[in-house]
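Q: My structure is below; once you've seen it, I'll send some questions.
The values are calculated or read from the model by the stated rules, or taken from the named source; none is laboratory data. Treat the numbers as computed from the prediction; the structure is a model and nothing was measured. FYI the Cβ positions are ideal-geometry reconstructions off the backbone, even for glycines, and counts take in every protein chain you see.
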Amino acid sequence: MKTILSLFLLVSVIAMGNAQPSYKIDRSKSSVQFAVRNMKIRTVKGTFSGMQGTVVLDAQNPENSQFNVCIDAASVDTKSAKRDKHLRNEDFFDVDKYPKICFESTKVAQTNTGFIATGNLSMRGITKEVRIAFTQKDLLLKGSFSIQRPDFKVGKNGGFMVGKTVQLEIVCWLQPQ
């Protein structure tokens, strides 16, 4: 019994020594902004809110970091109720069938200007690998990347009405758990 207790204490001490800071996302401050060309003459901008999930962040050893984050697809907001209703239907995000858009990292690495999180982005039942460049300042993470809208079957495949490339900007405020 003494040996088992000693082994348990040793494992606990080792695990605590290797524990990484874990955070939850502050939903009220965090969002994803997007921009996409419309009819090749203007850009439509919007946001998603309702970001939630967990982040394990180790800036000193980024390979120990992990992101598991989702946003509420129905939270899409372009400041046009008619457009937002259309974006929620089956032609675009199909929020009844696919209520969440999620990212789960597989690798985090440091760069000269910040970090790169590589992982799987899942939207409309389709998962693709993406790379998100991001910076960290205290409890604020800011990231950016782009996706090809047709890769996720969001909207029609043509690029005239809605551009194929979507630019995304992430603002993520963290709270210690």
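Q: Residues 105, 122, 144: which one is among the hydroxyl-bearing types (Ser, Thr, Tyr), touching a Cys at 6+ places or on another chain (Cβ under 7 Å) and touching a residue at least 12 places away in the same chain (Cβ under 8 Å)? Spell out how you get there, then give the answer.
A: Working: 105 fails: touching a Cys at 6+ places or on another chain (Cβ under 7 Å); 144 fails: touching a Cys at 6+ places or on another chain (Cβ under 7 Å).
Of 105, 122, 144, the one residue that is among the hydroxyl-bearing types (Ser, Thr, Tyr), touching a Cys at 6+ places or on another chain (Cβ under 7 Å) and touching a residue at least 12 places away in the same chain (Cβ under 8 Å) is 122.
Q: Can you tell me which of (1) touching a residue at least 60 places away in the same chain (Cβ under 8 Å); (2) surrounded by fewer than 16 Cβ atoms within 10 Å (Cβ to Cβ) is the one residue 93 doesn't meet?
A: In the conditions (1) touching a residue at least 60 places away in the same chain (Cβ under 8 Å); (2) surrounded by fewer than 16 Cβ atoms within 10 Å (Cβ to Cβ), residue 93 misses (2) alone.
Q: Next question. Hey, could you check the range 155-172 for residues that are under 18 Å from the mean Cα position of the chain (by Cα) and surrounded by fewer than 18 Cβ atoms within 10 Å (Cβ to Cβ) and say which is nearest to residue 29 (Cα to Cα)? Lay out the reasoning, then the answer.
A: Just the residues of the range 155-172 that are under 18 Å from the mean Cα position of the chain (by Cα), to begin with: 165-172.
Adding the requirement that they be surrounded by fewer than 18 Cβ atoms within 10 Å (Cβ to Cβ) leaves 165, 167, 169, 171.
Numbers: 165: 26, 167: 20, 169: 14, 171: 8 Å.
Ranking the candidates gives 171 first.
Q: With 134, 115, 152, 103 as the choices, which residue is closer than 24 Å to residue 44 by Cα, buried (at least 18 other Cβ atoms within 10 Å of the Cβ), among the aromatic types (Phe, Trp, Tyr) and more than 12 Å from the chain's Cα centre (by Cα)? Before the answer, list the steps.
A: Numbers: 134 fails: more than 12 Å from the chain's Cα centre (by Cα); 115 fails: closer than 24 Å to residue 44 by Cα; 103 fails: more than 12 Å from the chain's Cα centre (by Cα).
Just a single option satisfies the conditions, and that option is 152.
Q: Just checking, which of 80, 122 is at negative phi, loosely packed, with under 15 Cβ neighbours inside 10 Å and of a type in the set (Gly, Ala, Ser)?
A: 80 is the lone residue from the list that is at negative phi, loosely packed, with under 15 Cβ neighbours inside 10 Å and of a type in the set (Gly, Ala, Ser).
Q: A further question follows. How many of the residues in the range 129-144 are part of a loop (DSSP other than H, G, I, E, B) and of a type outside the set (A, V, I, L, M)?
A: Residues of the range 129-144 that are part of a loop (DSSP other than H, G, I, E, B), as a first pass: 138-139.
Then drop every residue that is not of a type outside the set (A, V, I, L, M), which leaves 138.
Total meeting the criteria: 1.
Matching residues to (1) within 20 Å of residue 162 (Cα to Cα); (2) β-branched (Val, Ile, Thr); (3) part of a strand (DSSP E or B):
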position: 86; (1), (2), (3): yes, no, no
position: 93; (1), (2), (3): yes, no, no
position: 98; (1), (2), (3): no, no, no
position: 105; (1), (2), (3): no, no, yes
position: 113; (1), (2), (3): no, yes, no
position: 116; (1), (2), (3): no, yes, yes
position: 119; (1), (2), (3): no, no, yes
position: 127; (1), (2), (3): no, yes, yes
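Q: From the list 26, 58, which residue is of a type outside the set (Val, Ile, Thr), over 24 Å from residue 122 (Cβ atoms) and at pLDDT 90 or above? If you could, list the steps in order and put the result at the bottom.
A: Values: 26 fails: over 24 Å from residue 122 (Cβ atoms).
Only one candidate qualifies: 58.
Q: Now for a different question. Among the residues of the range 64-79, is any in contact (Cβ under 8 Å) with a residue 12 or more places away in the chain, closer than 12 Å to residue 123 by Cα and of a type in the set (Gly, Ala, Ser)?
A: Applying the first criterion (in contact (Cβ under 8 Å) with a residue 12 or more places away in the chain) to the range 64-79 yields 64-79.
Narrowing further to those that are closer than 12 Å to residue 123 by Cα: 70-73.
From what's left, of a type in the set (Gly, Ala, Ser): 73.
Yes: the range 64-79 contains one or more residues that are in contact (Cβ under 8 Å) with a residue 12 or more places away in the chain, closer than 12 Å to residue 123 by Cα and of a type in the set (Gly, Ala, Ser).
Q: Could you tell me which residue of the range 22-34 is farthest from residue 78 (Cα to Cα), considering only residues that are among the small types (Gly, Ala, Ser) and surrounded by 16 or more Cβ atoms within 10 Å (Cβ to Cβ)? Lay out the reasoning, then the answer.
A: Start the filter on the range 22-34 by keeping residues that are among the small types (Gly, Ala, Ser), which leaves 22, 28, 30-31.
Pick out the ones that are also surrounded by 16 or more Cβ atoms within 10 Å (Cβ to Cβ) and you get 30-31.
Values: 30: 16, 31: 13 Å.
If we take residues in the range 22-34 being among the small types (Gly, Ala, Ser) and surrounded by 16 or more Cβ atoms within 10 Å (Cβ to Cβ), then 30 is farthest from residue 78 (Cα to Cα).
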